[in-house]
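*Asks:* What follows is a single structure, and I will ask about it in a moment.
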Amino acid sequence: MQGFTTTKEALGAARARMEKSVEDLRREVSTLRTGRANVGLLDHIRADYHGTPMPINQLGTLTVPDPTLILISPWDRAVVPLIEKAVLSSDLGLNPASDGRVIRIPIPPLTEERRKDLVKHLHRILENHRTAIRGVRHEIKEAVERLEKEKKISEDDRARSLEELEKVTHQETKKLEDLSAAKEKEILEVK
């Protein structure tokens, strides 16, 4: 818990930490499969290149020539088997194929059951981020109340600050829910 000296500091910290939670959710949902090819699916996959785990997008060019295929063109042919192995061992359930120069990753359509599982997973991710935002709100609320107790701010300042904190919390939570709803629609959309 940080020791804030003003409510402005506390509210600024609250906003920054809540926005970070929204960005984290945005990053996480971009890796969820939707039945449509998206290079973001591979963002968290690392290939062991000369003993160092490297993100695949730093080992070659990733493109989406059509909605059902991701194409990886490694800059160094020696990494082709390493990238294939990394994709195969990931939790995405994808089966890459290569000709020694490029790697093709077909994106199979999602089954109805898999779509429902992805939506449940999305809801768990959303709830974790909501909980993080509520935790920030709780921590900042206590900090503002401590400032009043220490006579650094007036009762009116405390009330205004807590009202502003609720407003920020509501705005950031709405962003989380909007992101989640858009991704859920994308997952459930059958092509």
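The values are calculated or read from the model by the stated rules, or taken from the named source; none is laboratory data. Note that this is a predicted model, so its numbers are computed, not measured. Positions of Cβ are generated from backbone atoms using ideal geometry, with glycine treated the same way; all protein chains shown enter the neighbour counts.
*Asks:* Return the residues of region 1-12 that are in contact with an Asp or Glu (Cβ under 8 Å, 6 or more places away or on another chain) and surrounded by fewer than 14 Cβ atoms within 10 Å (Cβ to Cβ); say none if nothing qualifies.
*Replies:* Passing the criteria: only MET1.
*Asks:* Among the candidates ARG114, ARG27, ARG15, single out the residue that is surrounded by 14 or more Cβ atoms within 10 Å (Cβ to Cβ) and either under 24 Å from ALA132 (Cα atoms) or touching a strand residue (DSSP E or B) at 6+ places or on another chain (Cβ under 6 Å) (or both).
*Replies:* Criteria check complete, one pass: ARG15.
*Asks:* Looking at this structure, is LEU25 outside the structural domain of ILE125 (by TED's automatic domain parsing), on the phi < 0 side of the Ramachandran plot and not acidic (Asp, Glu)?
*Replies:* no
*Asks:* From (1) loosely packed, with under 13 Cβ neighbours inside 10 Å; (2) in contact with a Lys or Arg (Cβ under 7 Å, 6 or more places away or on another chain), pick out the condition that doesn't hold for LEU162.
*Replies:* (1)
*Asks:* State all residues of region 120-135 that are without any contact (Cβ under 8 Å) to a residue 40 or more places away in the chain and either outside any helix (DSSP H, G or I) or among the β-branched types (Val, Ile, Thr) (or both); if no residue qualifies, say none.
*Replies:* Within region 120-135, THR131 is the sole residue that qualifies.
*Asks:* Among the residues of region 15-49, write down those that are among the polar types (S, T, N, Q), part of a helix (DSSP H, G or I) and touching a residue at least 24 places away in the same chain (Cβ under 8 Å).
*Replies:* SER21
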